[in-house]
Amino acid sequence: MIDTGLKNKVAIVTGANNPYGIGAGIAKALAVQEVKVFLHYFRCGDGKQSSVDDDDSRGEVFYYTQRAKTPDEVLDAIHQMGGQAKVWEADLSDPDNIPRLFDQAEATFGRVDILVNNAAHWEADTFLPSAGDLVNKAVEAWTSAPGHITASSFDRVFAVNTRAIALMMAEFVQRYIKRQGVWGRVINVSTDGAYCFPSEISYGASKLAMEGYARSAAQEFGQFGITVNTVSPGAIQTGWLTPEMEKEIAASYPMKRIGQPEDIADAVVFFASDQARWITGQRLYVGGGHAM
């Protein structure tokens, strides 16, 4: 059996309240490795949630219903497996909440060894003036028509997906250097559409900018024994995709299925592990061959 070297490490995992989500999958996978997990979450149902809460109702409304939950289900799952986890709610678009998040984690478990930046804000937007002129018609299959990009929509997306992650990494390394740390991991969650994402232009661009920050962080943090890597998921069933959409998307993937949160979680555990000790500044596509 491979020893990941993660026992008794402390991790912050952001965006971990959706029990079907990537953050929840990562938190549980780290807990299996006996990592003490501090879960960040922010309930943001965007007014689209409902009381319907069964697997057969998966789709946009179901997804936002999960996003509006507290992380009690995730905590229960971790505790049932004998793991240690605590939670704290905060809006990461407020920069003042970032040092507070680290304060809360350190007060609970001590020094933070692993930072997993998973939290994200998503809006479909386009340069084009109307939905009828969309370059990427596929987006209309899974959400309402994208809006025209505005300063406000840009700021909402970049505040969480880019600025918050840059500030989270800066906070992590500042505290790490102050305590003279010798082992650290940063893993950021992107998207395999970051390079070009028509009809989701701000989301894709915000993730691509985040990847640029991560590469710079890998260069700057390496001297201190910190690796920084990015996982870029393909389509993942986080509760958003209906069975029909899942089947249609899977047909376009070389491995003929879409991903599960566990697929991303396994990659994150690898990057956190001692087995990845000499890997940094990398972006790993985890999407069944969708992006190569």
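Details
- Rounded to the nearest 20 debye, the dipole magnitude of the stretch 150-292 is 480 debye, with +1 charges on Lys and Arg beta carbons, -1 on Asp and Glu beta carbons, and the Cα centre as origin.
- Projecting the Cα atoms of Tyr64, Gln260, Gln84 onto the dipole axis of the chain, where Lys and Arg carry +1 and Asp and Glu carry -1 at the beta carbon, places Gln84 farthest toward the positive end.
- Sparsely packed loop sites in the stretch 195-292 (the chymotrypsin sites (Phe, Trp or Tyr not before Pro) outside DSSP H, G, I, E and B with at most 16 other Cβ atoms within 10 Å) comprise Tyr195, Trp278.
- Sequence-distant lysines (8 or more away, or on other chains) whose Cα lies within less than 18 Å of Lys256: Lys247
- Relative contact order (percent, whole number), the chain, Cα cutoff 8 Å, 6+ residue spacing: 21 percent
- Under a 5 Å amide H cut-off, with hydrogens placed 1.01 Å from N, Ser232 pairs with Ser190, Leu284, Tyr285, Val286 among residues at least 5 apart or on other chains.
- Greater than 26 Å apart at Cα, pairs in Lys7/Lys69; Lys86/Lys178; Lys7/Lys178; Lys28/Lys207: Lys7/Lys69
- Calculated diffusion of the stretch 168-275, Stokes-Einstein form, Kirkwood radius summed over Cα pairs, 25 °C and 0.890 mPa s, µm²/s: 157 µm²/s
- Rounded to the nearest 20 debye, dipole of the chain from Cβ charges on Lys, Arg, Asp, Glu: 960 debye
- Inter-part distance where the stretch 71-100 and the stretch 146-161 are each reduced to a Cα centre, Å: 26 Å
- Calculated on alpha-carbon atoms, Rg and Dmax of the chain in Å: 18.3, 56
- 5 angstrom amide H check on Ala119, placed H, neighbours 5+ away: Thr14, Gly15
- Residues with amide H under 5 Å from that of Ala85, placed H, sequence gap 5 or more: Val37
Only the coordinates and a few stated rules stand behind these numbers; no lab work does. Quick caveat: nothing in here was measured; it's all calculated off a predicted structure. Here the Cβ is made from the backbone with ideal geometry for all residues, glycine too, and neighbour counts use every protein chain on show.
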